[in-house]
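Since every read-out is calculated from the coordinates, none of them should be taken as a lab result. Keep in mind it's a predicted model, so treat the numbers as computed, not measured. Positions of Cβ are backbone-derived with ideal geometry, glycine not excepted, and every protein chain shown enters the neighbour counts.
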């Protein structure tokens with residue numbers, strides 16, 4: 001697949017992971033040709049190969065930061081935090097399917113977490129349009145907080161942003 005490239009220097013996944021993602025992307029592009037269906041299917045496929053090491057690497061170097069994530073991926077991240085495998089100031093997980101079900105950010109856990117007046121790193125498996133993290137940021141803004149950086153395994157957004165760090169990027 002000519003467009004997929006190893007993008008960020010902050011983590012180098014094992015070669016077998018890159019090869020698996022290359023194969024998955026090729027198969028899904030043949031099936032969907034791109035767009036929302038492609039990235040939804042990619043999200044599901046990445047879950048099957050995402051390793052604990054990759055999730056930990058997304059958070060590495062952020063021990064003085066607050067982390068925010070969503071859905072199943074966030075649940076795994078939160079469990080790693082509770083087990084002491086991830087070092088940060090705290091982890092907040094928002095409801096999943098924020099955009100798919102068009103419900104926005106409605107709740108988070110742990111419920112006692114004070115989300116006010118903080119800057120967060122948004123960590124997730126992939127990014128397509130950025131709507132998920134933007135909806136979370138809208139919610140956080142109401143509490144005088146914001147997302148200052150986005151760390152994902154796979155970046156499929158068309159426009160490159162300095163705010164986004166990824167292991168793989170689809171567009172150059």
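Ranked by the mean number of other Cβ atoms within 10 Å of their residues, highest first, the peptides 122-134, 76-88 fall in the order 122-134, 76-88.
Tell me, in nm to one decimal, what length is gained between residue 148 and residue 85 on full extension, where the rule is 0.36 nm per residue of separation less the Cα-Cα distance?
Values: separation 63, 0.36 × 63 = 22.68 nm, distance 2.27 nm.
Net length gain for the segment: 20.4 nm.
Computed from the Cβ-Cβ distance with R0 of 30 Å, the FRET efficiency linking residue 40 to residue 117 stands at 0.30. Using the Cβ-Cβ distance between residue 63 and residue 30 with R0 = 35 Å, the FRET efficiency computed as 1/(1 + (r/R0)^6) comes to roughly 0.25.
Given their separation in residues at 0.36 nm each and the Cα-Cα distance between them, residue 22 and residue 53 gain 9.3 nm when the chain is fully extended.
Oblate is the label for segment 47-95, because the ratio a/c of its alpha-carbon gyration tensor axes (a ≥ b ≥ c) is 1.5 or higher and a/b is not greater than b/c.
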